[in-house]
Ligand SMILES: [Zn+2]
């Protein structure tokens, strides 16, 4: 992991420095001393500094991805903490929150401790475990959230599955409120979710069983009522439907502690990507309709959706090279997060600063971690990227062990040049 005993000073010179947490967007230098941001502005060059020339590049806080599956322990053939954090670094991501649906499930101190130890040994970016809400993700018995939070869990989720029992969800919200813990819900009503793609014209045409939008919105509606009852902090993972955007918008207007995230694949693709039965277009929730996608864009533009997260879900070929309905759900996303999100800026959906906020200070605040900003005194987690460089996504070139990208072959713009964690360069694209 990052080395806290650096003695070197680094000057990142002449870049467009964007720090959304402080409304900064200007040509400036960033001085890093001993892994900490020392100063930001027009700075004097001193001979002792190592200089990173950043002219023409954007210099931003290292990205924070609050929804990642690192697969360790238990499914290291798909991904492990070493490969997953290398993929993060290559994507400009310096902090990841990893989901607890590992084997064994991250529902007790020993598994959380194991993940933290492995992250120290083999991780190249910061790894923040998300603990399970219920034991074994079984949806029945709550975990020891207080203990797990003290051990370092930044949120709780049964992701991959919903907490579907209303009574259990109510108790989880009440209990989590005692520690101001964030509950992240994979919002899906199981009795409406038998299909393998979005239910609509495309599913009818392809003859595939569909999952209606209501599968998500019914659960979000229920949960928001339980948030109103309990006051617990609630976050919708990978929100995908228009109805759910409306529900979150209303809840936020009422002042309820409700937030949500959207993935690059949900805001940039629709169920038409399933035509051709490409299993890399199969995920949960499924890619939705054009109307839903437009609602996600509007939600981002209006600040209803405050977070972009990848739901990076590596799967090996054995689980993907099968007929569509039998294929595993999920796609990788860490190495395409930034360029695909920059399409929002080019399409006029949001400003570059707002787009970066959704991948830095906003998720950091929800998780309560002191990252996602270039504030003086904070750890120097920084990404340098060229917003104009055009390239074609090639999953085979990625750091992730799994290659299940739904963006393979897509022409994108915006390329990560260097990623620093606590002032240490953990990724550079030189030589690529
Ligand atoms: Zn999920």
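Values quoted throughout were computed directly from the atomic coordinates according to the rules given, and no laboratory measurement underlies them. On a predicted model such as this, the values are computed, not experimentally measured, just so you know. No Cβ is skipped: glycine too gets one built from the backbone with ideal geometry, and neighbour counts run over all protein chains shown.
Here the extension length gained between residue 351 and residue 138 equals 72.6 nm, from 0.36 nm per residue of separation less the Cα-Cα distance.
Here the stretch 160-223 is treated as a Stokes sphere of Kirkwood radius computed over C-alpha pairs; at 4 °C and 1.567 mPa s its diffusion coefficient rounds to 99 µm²/s. Using the Stokes-Einstein relation with a Kirkwood hydrodynamic radius computed over Cα pairs, the translational diffusion coefficient of the chain at 4 °C and a viscosity of 1.567 mPa s comes to 60 µm²/s.
Each label point was placed 7 Å from the Cα along the Cα-to-Cβ direction; for residue 204 and residue 378 their separation is 4.9 nm.
Given the peptides 389-396, 302-309, arrange them by the average over their residues of other C-beta atoms within 10 Å, most packed first.
Listed from highest to lowest mean packing, they are 302-309, 389-396.
Against the chain, whose longest principal axis comes from its Cα atoms, helix 337-346 is set at around 90 degrees. GNM remark for the chain: springs join alpha carbons under 10 Å apart, and the peak mean-square fluctuation among 159, 65, 298 falls on 298. When peptides 126-139, 23-36 are sorted by average Cβ neighbour count within 10 Å, with the highest value leading, the order is 126-139, 23-36.
For the pair the stretch 300-332 / the stretch 52-99, the C-alpha centres are spaced 16 Å from each other. For the chain, the mean residue ellipticity at 222 nm estimated from helices alone is -8000 deg cm²/dmol, where every DSSP H run of n ≥ 4 contributes -39500 (n - 2.57) and the total is divided by all residues, rounded to the nearest 500. Were the residues from residue 151 through residue 121 laid out at 0.36 nm apart, the gain over their Cα-Cα distance would be 9.0 nm.
Round to the nearest 10 and give me the degree value, 0 to 90, for the angle of helix 109-122's Cα axis relative to the longest principal axis of the chain. Result, in degrees: 40.
Tell me, what is the percent relative contact order of the chain, built from C-alpha pairs under 8 Å that lie six or more residues apart?
20
What angle, in degrees between 0 and 90 and rounded to the nearest 10, separates the Cα long axis of helix 166-177 from the longest principal axis of the Cα atoms of the chain? Taking Cα atoms only, the helix is inclined about 30 degrees.
Please work out the FRET efficiency for the pair residue 228 and residue 396, using the Cβ-Cβ distance as r and a Förster radius of 45 Å; give the result to the nearest 0.05. Given R0 = 45 Å and the Cβ-Cβ separation, E is 0.40.
Taking 178, 398, 283 as the candidate residues, the one with maximal mean-square fluctuation in a Gaussian network model of the chain, Cα springs under 10 Å, is 178. Ranked by the mean number of other Cβ atoms within 10 Å per residue, highest first, peptides 329-335, 230-236 order as 329-335, 230-236.
Return the whole-Å distance between the Cα centroid of the stretch 104-175 and the Cα centroid of the stretch 371-406. Cα centres, the stretch 104-175 to the stretch 371-406: 26 Å.
How much length, in nm to one decimal, is gained on full extension between residue 45 and residue 430, taken as 0.36 nm per residue of separation minus their Cα-Cα distance?
Result for the pair: 136.2 nm of gain on full extension.
At an R0 of 41 angstrom, the distance between the Cβ atoms of residue 178 and residue 27 translates into a FRET efficiency of 0.30.
Over the Cα atoms of the stretch 251-327, what is the Rg over Rh ratio if Rh follows Kirkwood?
Rounded to two decimals, Rg/Rh equals 1.06.
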